[in-house]
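Asks: Before we start, here is the structure in question, set down as structure tokens.
The values are calculated or read from the model by the stated rules, or taken from the named source; none is laboratory data. Predicted model, so just to flag it, every value in this text is computed and none were measured. Here Cβ is always computed from backbone atoms with ideal geometry, including for glycine, and neighbour counts include all displayed protein chains.
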Amino acid sequence: MFVKICGITSIDTAQAVVDANADMIGFVFAPSKRQLSTSLAEEIANTLPQTIQKVGVFVDEPLENILSIIERVNLDIVQLHGDESIDYQKRIPIPIIKAFPATTEGLNQANQSSAKYILIDSPPLQSSRGGNGVTFNWNILKDQPFTSKLILAGGLNTENIREAIKTVNPAGVDVSSGVETNGKKDAKKIQQFITNVQRKDVLR
């Protein structure tokens, strides 16, 4: 099972993510309190080992901008949280994580997705898409016939991650606010989160 730590905005935090042996590191390019510039993402990316995959998070971004950022930051994966069309997705040259809300419509769309990964997150709060720190009823994901690899997100933290994995058994988990203290990434929480994910007793 892989772990993605999202919303990285500094070299120090990126190093904490690497030290904790996370599998993926997420840079948010969409409007958000965790948004960072392409230049800063490029600077952080240059410090990372090849063992960690770099994920760029976007919401209805013009395709040419995404293609430019893929090149500059050397992204490994693109994560899409908007209403990007199938044709749009096909023009992205690297694997895609397509995010869907944990609603009936969202799950129906996720089941039809051809993306390598689907990410199921809590339904949006107002205009925000993702990163809300709110959980949802994980039981709705049981017995879903997803053909893409499932990533679980939405309100995960060190306290609930074991139960989440037991319930859903996803391919991967994605966390942002759940490893923060006072709005900033906390190295100890990052390490504890990953330790809890890797504990043998969380698996079925």
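Asks: How about segment 137-176: which of its residues are out of contact with any strand residue (DSSP E or B) (no Cβ under 8 Å at 6 or more places or on another chain), in a helix (DSSP H, G or I) and under 19 Å from residue 23 (Cβ atoms)?
Replies: Across segment 137-176, the qualifying residue is only 162.
Asks: Could you grab the pairs with beta carbons closer than 9 Å, sequence gap of 6+ or different chains, first residue in segment 193-204 and in a helix (DSSP H, G or I), second one at pLDDT below 65?
Replies: From segment 193-204, the pairs are 196/202.
Asks: Follow-up question, since we're still on this one. Examine segment 64-76 for a residue that is surrounded by 14 or more Cβ atoms within 10 Å (Cβ to Cβ), in contact with a helix residue (DSSP H, G or I) (Cβ under 6 Å, 6 or more places away or on another chain), aliphatic (A, V, I, L, M) and closer than 29 Å to residue 162 by Cα, and state whether such a residue exists.
Replies: The answer is no; no qualifying residue exists.
Every residue, every condition in (1) more than 15 Å from the chain's Cα centre (by Cα); (2) of a type outside the set (A, V, I, L, M), yes or no:
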{"position": "66", "(1), (2)": "yes, no"}
{"position": "72", "(1), (2)": "yes, yes"}
{"position": "77", "(1), (2)": "no, no"}
{"position": "82", "(1), (2)": "no, yes"}
{"position": "88", "(1), (2)": "yes, yes"}
{"position": "101", "(1), (2)": "no, yes"}
{"position": "105", "(1), (2)": "yes, yes"}
{"position": "122", "(1), (2)": "no, yes"}
{"position": "135", "(1), (2)": "no, yes"}
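Asks: Next up: Just to check your reading of the model, which residue among 57, 78, 73 is within 20 Å of residue 4 (Cβ to Cβ) and in contact (Cβ under 8 Å) with a residue 60 or more places away in the chain?
Replies: 57
Asks: For segment 19-63, which residues satisfy the criterion of being closer than 20 Å to residue 100 by Cα, modelled with pLDDT of 95 or more and in a loop (DSSP other than H, G, I, E, B)?
Replies: Answer for segment 19-63, where residues must be closer than 20 Å to residue 100 by Cα, modelled with pLDDT of 95 or more and in a loop (DSSP other than H, G, I, E, B): 29, 30, 59, 60, 61, 62.
Asks: Within the group 110, 102, which residue is out of contact with any Asp or Glu (no Cβ under 6 Å at 6 or more places or on another chain), surrounded by 18 or more Cβ atoms within 10 Å (Cβ to Cβ), modelled with pLDDT of 95 or more and farther than 29 Å from residue 185 by Cα?
Replies: It is 110.
Asks: Within segment 1-15, count every residue that is outside any helix (DSSP H, G or I), under 17 Å from residue 181 (Cβ atoms) and among the β-branched types (Val, Ile, Thr).
Replies: Selection size over segment 1-15: 3.
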